[in-house]
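J.: Questions regarding the structure given below will be posed in turn.
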Amino acid sequence: MATRTQVDLVTRTTLEGELLEGAWATYQVAFERLRVLAVQRHLMTRAEFDDVCADRRVMKYLGLDDEGRVCAFGTFTNQLAAMPLVSEDYFAHRWPQLHAAGKIWYIGCVGVHPDYRSSGVFARMVSQMCEVVERTGGVASIDICRHNEQDLALPRLITRLVDTVSDGTRVHRLDEQTYWAYEFPEPAIASSWR
């Protein structure tokens, strides 16, 4: 467990050098468990990560410990086209005026190194993102897998954080996708079809 308690939050439009490498290392360790807990891939490849970190349309949020090391990483944008798996058409249809005004925001990820999970950096990062939306009115959305919803109660935590930023915010479950598998028993006689 880290003994450092001071974590500064900074934002950048692009990352390179030591900040990029530190963000990648923290991102990997923060989301590693989802490799086997979520059906849909939740970790970007290194090339995808580098593309996001170079994309000026996506704001990068960093938690830096007292030695300047990246201990938290998040992404946030109101340019939905920058998020390759997000359906911009969905948001444009549901909230046409907000979409036209650029007031629909997407939190791509918020990951905290395990040594800093009780430091409050997650709450501070999400609160800062929500404050951006609160200043102009709009929508902030995030994708949360079932593990993070049921085991970590992230929607409830984020709702509490949102409530500290703004009174009267409405929470909507936007969509839900489930994955089903049909496991067949081993046949008594091996099939020749492969």
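The values are calculated or read from the model by the stated rules, or taken from the named source; none is laboratory data. Computed from a predicted model, the values in this text were never measured in an experiment. For neighbour counting, all protein chains shown are included, and Cβ atoms are generated from backbone atoms with ideal geometry for every residue, glycine included.
J.: Taking the criterion of being free of Cβ contacts under 8 Å to residues at least 40 places away in the same chain, within 30 Å of Gln6 (Cα to Cα), touching a helix residue (DSSP H, G or I) at 6+ places or on another chain (Cβ under 8 Å) and surrounded by 20 or more Cβ atoms within 10 Å (Cβ to Cβ), would at least one residue in the range 75-82 satisfy it?
T.: Yes, there is a match, as at least one residue in the range 75-82 is free of Cβ contacts under 8 Å to residues at least 40 places away in the same chain, within 30 Å of Gln6 (Cα to Cα), touching a helix residue (DSSP H, G or I) at 6+ places or on another chain (Cβ under 8 Å) and surrounded by 20 or more Cβ atoms within 10 Å (Cβ to Cβ).
J.: Based on what the data block shows, is His93 surrounded by 20 or more Cβ atoms within 10 Å (Cβ to Cβ), under 16 Å from Val139 (Cα atoms) and of a type outside the set (Phe, Trp, Tyr)?
T.: Considered against the rule, which asks whether it is surrounded by 20 or more Cβ atoms within 10 Å (Cβ to Cβ), under 16 Å from Val139 (Cα atoms) and of a type outside the set (Phe, Trp, Tyr), His93 comes out as no.
J.: Can we say Gln97 is of a type outside the set (D, E, K, R) and in contact (Cβ under 8 Å) with a residue 40 or more places away in the chain?
T.: no
J.: Could we say that Asp89 is part of a helix (DSSP H, G or I) and under 22 Å from Val29 (Cβ atoms) here?
T.: no
J.: Let me ask something else about it. Any idea which of Val162, Val126 is at pLDDT 75 or above, surrounded by 10 or more Cβ atoms within 10 Å (Cβ to Cβ), in contact with a strand residue (DSSP E or B) (Cβ under 9 Å, 6 or more places away or on another chain) and β-branched (Val, Ile, Thr)?
T.: Val126
J.: Here are some conditions: (1) closer than 26 Å to Arg69 by Cβ; (2) modelled with pLDDT of 90 or more; (3) touching a Phe, Trp or Tyr at 6+ places or on another chain (Cβ under 8 Å). Trp105 meets all but one. Which one does it not meet?
T.: The single condition Trp105 does not satisfy is (1).
J.: Anything in the range 41-62 that is of a type in the set (A, V, I, L, M, F, W, C), surrounded by fewer than 20 Cβ atoms within 10 Å (Cβ to Cβ) and touching a helix residue (DSSP H, G or I) at 6+ places or on another chain (Cβ under 8 Å)? List them, or say none.
T.: Scanning the range 41-62 gives a single hit, Leu43.
J.: Select from the range 1-27 the residues that are under 21 Å from Met125 (Cβ atoms), out of contact with any helix residue (DSSP H, G or I) (no Cβ under 9 Å at 6 or more places or on another chain) and not β-branched (Val, Ile, Thr) and write down the one among them that is surrounded by the most Cβ atoms within 10 Å (Cβ to Cβ).
T.: Of everything passing the filter in the range 1-27, Gly22 is surrounded by the most Cβ atoms within 10 Å (Cβ to Cβ).
J.: Condition test on His99, is it crowded, with 20+ Cβ neighbours inside 10 Å and in a helix (DSSP H, G or I)?
T.: Against the criterion (crowded, with 20+ Cβ neighbours inside 10 Å and in a helix (DSSP H, G or I)), His99 qualifies.
J.: Let me ask something additional. Cβ-Cβ below 7 Å, separation at least six or inter-chain, first residue in the range 18-45 and modelled with pLDDT of 95 or more, second crowded, with 17+ Cβ neighbours inside 10 Å and assigned to a helix (DSSP H, G or I): which pairs?
T.: Leu20/Cys53; Ala23/Cys53; Trp24/Phe49; Tyr27/Phe49
J.: I've got another one for you. Need pairs with beta-carbon distance below 8 Å; first residue closer than 16 Å to Thr11 by Cα and within the range 120-143, second hydroxyl-bearing (Ser, Thr, Tyr) and buried (at least 17 other Cβ atoms within 10 Å of the Cβ); sequence gap 6+ or separate chains.
T.: Final answer for the pair search is Met125/Tyr61; Gln128/Tyr61; Met129/Tyr61.
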